[in-house]
């Protein structure tokens, strides 16, 4: 089984290759402290992944990065991403993803939805997350090609800045 990513998403020590038959899940037992690396998932064969119940602390990389469609990122804790411009959670070139019930603290940037190659990042749900003590923004949708993303029912402590450069982004019921 190859653990090589097909497209870059910062640097990560955990890679989840996608297979034709099964969906991979990181669950319950992962804790990363004072390392350079977070968690990265890249799409292969169109299969979805679930990243759940992880603790990522004091990293110099993106906390969690997903590239691809139909992934679920939930019940994770990301605390202290030290490198500027690296968010706690990043959706890159992915649509129909769910980022729900996560806690992101003490980072430069909270959650980013962005297009880095040729695919748009559309129709993603960012909901019920707690995002606090961000230096810049809590959520950013980076480009007009990113359509129909939803940012709702999140709790923001400290910075409440949402950068929305997307098209038809729904932003509601955040506090």
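Throughout, read-outs are computed from the coordinates displayed, never taken from laboratory work. Owing to the predicted nature of the structure, the values given are computational and were not obtained by experimental measurement. Positions of Cβ are generated from backbone atoms using ideal geometry, with glycine treated the same way; all protein chains shown enter the neighbour counts.
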Taking neighbour Cβ counts within 10 Å as the exposure measure, how do 164, 61 sort from fewest upward?
164, 61
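At 0.36 nm per residue, minus the direct Cα-Cα distance, what do residue 150 and residue 108 gain on full extension? Give it in nm, one decimal, please. Working shown, then result.
Numbers: separation 42, 0.36 × 42 = 15.12 nm, distance 2.16 nm.
Once the chain is fully extended between residue 150 and residue 108, it gains 13.0 nm.
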With each pseudo-label sitting 7 Å past Cα toward Cβ, what's the residue 173-residue 118 distance in nm, one decimal?
3.8
